[in-house]
Amino acid sequence: MFNANRIAKSLRPLLLAGVAALALSACASNRGQMGAADYSGMSAAQSRASLGELTARYRANPRDRGVVINYAAALRAAGQPDQAAAALEQAIAHNPDDVAISVAYAKALTASGRFDQSLQVLQNVIRPDAPDWNALLVMGATLDQMGRHDQARTIYVQAAVIAPGEASIETNLGLSFAMTNELTTAETHLRRAVQMRGASTQTRQNLALVVGLQGRFDEARAIYGAELPPEQVEANMAYVRALLTQQNRWDLIDKG
């Protein structure tokens with residue numbers, strides 16, 4: 001119906017965005033202890049302001065684990081994953097056993113396209129007897145970006161057993177199926193996700209995107225409209241339509 005490769009490419013950043021707010025959680029039992037901001041959901045102006053503030057804080061105290069993880073998240077959201085990885089490499093040198101820093105580093109590596117290196121970092125910190133579900137989520141996102149979707153989905157299911165009811169896990173499952181053009185299955189997972197703990201505006205926008213990719217534009221616009229100002233809604237709808245017309249197959253979309 002449309003260019004599946006382009007769709008998959010457009011979804012890749014969303015896989016990591018879904019776990020941005022969870023990067024500092026030490027383990028499933030410590031859920032909510034230390035929350036990192038989801039900089040991917042901010043406006044450009046908010047993102048610049050946050051990055052400026054965090055840059056100053058990082059320069060003042062580059063060994064503060066909370067500061068460096070938030071600084072790296074803001075850098076990734078600003079499209080600077082290589083700089084994020086560099087900052088986290090310094091942090092790992094001082095905190096070699098810190099799982100949260102290692103997971104954040106893996107996310108930066110994945111965002112930079114250094115997938116094999118990211119997987120190696122994650123394999124080093126995931127304990128077989130007590131795996132960290134945030135680390136599993138990043139591993140799944142990395143595998144999805146490598147096109148290894150079946151393996152990614154197995155990892156997501158494992159993470160869901162450890163942390164049932166987490167929206168980010170169900171979201172990534174949905175995005176994984178969207179990347180392989182299984183949009184009905186993707187929508188099922190995303191509709192579950194929006195009802196779960198931790199569901200965010202990004203979760204709901206992911207659902208709107210998948211609904212729109214099925215040609216249900218009015219429904220997608222309504223979901224976007226509950227989350228975004230009108231100009232952003234129309235920009236998102238234009239993006240959905242552009243994705244659908246990559247191969248001039250518009251005639252196959254049910255516009256009803």
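The values are calculated or read from the model by the stated rules, or taken from the named source; none is laboratory data. Predicted, not measured: the structure shown is a model, and the values here were computed from it. Ideal geometry is used to build each Cβ from the backbone, glycine not excepted, and the neighbour counts take in all protein chains shown.
Would you pick out the residues in region 54-63 that are over 16 Å from residue 83 (Cβ atoms) and at pLDDT 90 or above?
Listed by number, the residues that qualify are 60, 61.
Restricting attention to region 143-170, which residues are among the hydroxyl-bearing types (Ser, Thr, Tyr) and either surrounded by fewer than 17 Cβ atoms within 10 Å (Cβ to Cβ) or at pLDDT 95 or above (or both)?
Within region 143-170, 154, 156 meet the criteria.
Identify, please: which residue in region 105-142 is part of a helix (DSSP H, G or I) and charged (D, E, K, R) and is, among those, modelled with the highest pLDDT?
116
Quick check on region 185-216: of everything there that is more than 21 Å from residue 155 (Cα to Cα) and surrounded by fewer than 17 Cβ atoms within 10 Å (Cβ to Cβ), which residue is nearest to the chain's Cα centre (by Cα)?
201
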